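Student: For reference, the structure I am asking about is given below.
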Amino acid sequence: MPGPIQSIERAAAILRVVAEAPFGVGVGELAGALGLPKATAHGLLRTLQRVGYIEQDDSTGKYVIGAAALGLAGARLDTNVLRSYAMSWADTLAARSGESVRIGALRGEGVSIVHHVFRPDDTEQTLRVGIELPLHATALGKVLLAYTPGLTERVAGAPLPAYTRRTMTAPRAVHAEIARVRAQGYAEDIAEFAFERASVAAPLRDAGGRVVGALGLVGAVDRITDPAARPRLVELVRTTAGAISRDLSAERPRVGR
């Protein structure tokens, strides 16, 4: 049997990203969200435009979903699918890191915890599945801000609450932080949501490269930021997120609303 055709996978990912972007998507934004060269993204967009699946807004120059693909608007990967593919990897990450592991997915303008693995010790812990956390003050949320076109502009354009004295609330600071996340491929929060906690997170991608969630670990600030431990924890998160993404890339897309 022939293998998957990369250009078709990329076109499908572009359609899903554009369908979810409330204000349209520029070529550069799309390329950054999917990890594609700008020329490749532009060529795929123009092809989809010719067949009516994508349209270009004359006033902004951004691309929006076309009439032929309106049924795709709002489609998202089923979080149960995301959770099922990530569970065993999350257990392994918790065991290897000694920290709590969480998987988050975008819900409105927050990040919803869809899976939570406790720290592998005997301390009392509270299950966080189902709660929503702020995008700008958590590592999971920053990942979703970094790879969801138009979301940073929308979130940073409104007043942002400060949860600790380290929470970034100024639009310029938020934009700079998200640019840093894109450049390094992972996000951190150090006492930004809770003064005693820090976290590290990396993106989870589907077959077309679209970010469909984030994987992160959470622990005490002194443990996560320890210079002797921090590089290893970051690498564990990134490696595990890459493994989950490879598994997801073999999944036939199933979407929910």
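The values are calculated or read from the model by the stated rules, or taken from the named source; none is laboratory data. Worth saying up front: this structure is predicted, and the values here are computed from it rather than measured. Note that we place each Cβ from the backbone using ideal geometry, even for glycine, and neighbour counts take in every protein chain shown. Accessible surface is based on the protein model in full, side chains and every heavy atom, while ligands, DNA and RNA are left aside. Shrake-Rupley method; radii C 1.70, N 1.55, O 1.52, S 1.80 Å.
Student: For a test of the definition: using alpha carbon positions, the gyration tensor, and the 1.5 limit on a/c, classify the chain as rounded, prolate or oblate.
Tutor: Here the chain falls in the prolate category.
Student: Continuing with the same structure: Assuming a ≥ b ≥ c are the square roots of the Cα gyration tensor eigenvalues, decide whether segment 140-255 counts as rounded (a/c under 1.5), prolate (otherwise, with a/b larger than b/c) or oblate.
Tutor: Since a/c reaches 1.5 but b/c is at least a/b, the shape of segment 140-255 is classed as oblate.
Student: Angle, helix 6-20 long axis vs. longest principal axis of the chain, Cα atoms, 0 to 90°, nearest 10?
Tutor: Here the helix axis deviates by roughly 80 degrees.
Student: Take the alpha-carbon centre of segment 172-207, take the same for segment 82-141, and report the distance between them in whole Å.
Tutor: Segment 172-207 and segment 82-141 have Cα centres spaced 14 Å from each other.
Student: Sort 121-133, 36-48, 212-224, 232-244 by the packing proxy (mean of other Cβ within 10 Å over each peptide's residues), most packed first.
Tutor: 212-224, 232-244, 36-48, 121-133
Student: So what is the accessible area of the chain per residue, in Å², with the probe set to 1.4 Å?
Tutor: 49
Student: Compute the signed sum of charges (Lys and Arg +1, Asp and Glu -1) over the other residues within less than 9 Å, Cβ to Cβ, of Ala187.
Tutor: Net charge in that neighbourhood comes out at -1.
Student: Continuing with this model, one more query. Would you work out what percent of the accessible area of segment 163-232, with all protein chains in place, is carbon or sulfur (probe 1.4 Å)?
Tutor: Its accessible area is 56 percent carbon and sulfur atoms.
Student: Among Gln49, Val114, Ala228, whose Cα lies farthest out toward the positive end of the dipole of the chain, if unit charges sit on the beta carbon of Lys, Arg (+1) and Asp, Glu (-1)?
Tutor: After comparing all options, I get Gln49.
Student: Once you sort the root eigenvalues of the Cα gyration tensor of segment 28-171 as a ≥ b ≥ c, which label holds: rounded (a/c under 1.5), prolate (a/b larger than b/c) or oblate (the other case)?
Tutor: prolate
Student: Given the -39500 (n - 2.57) contribution per DSSP H run of 4+ residues, what per-residue ellipticity at 222 nm results for the chain, rounded to the nearest 500 deg cm²/dmol?
Tutor: -13000 deg cm²/dmol, from helical runs alone.
Student: Grab every C-alpha pair in segment 104-161, bin the distances at 10 angstrom width from 0 up to the longest one, and report whole percents.
Tutor: 23, 46, 22, 9, 1
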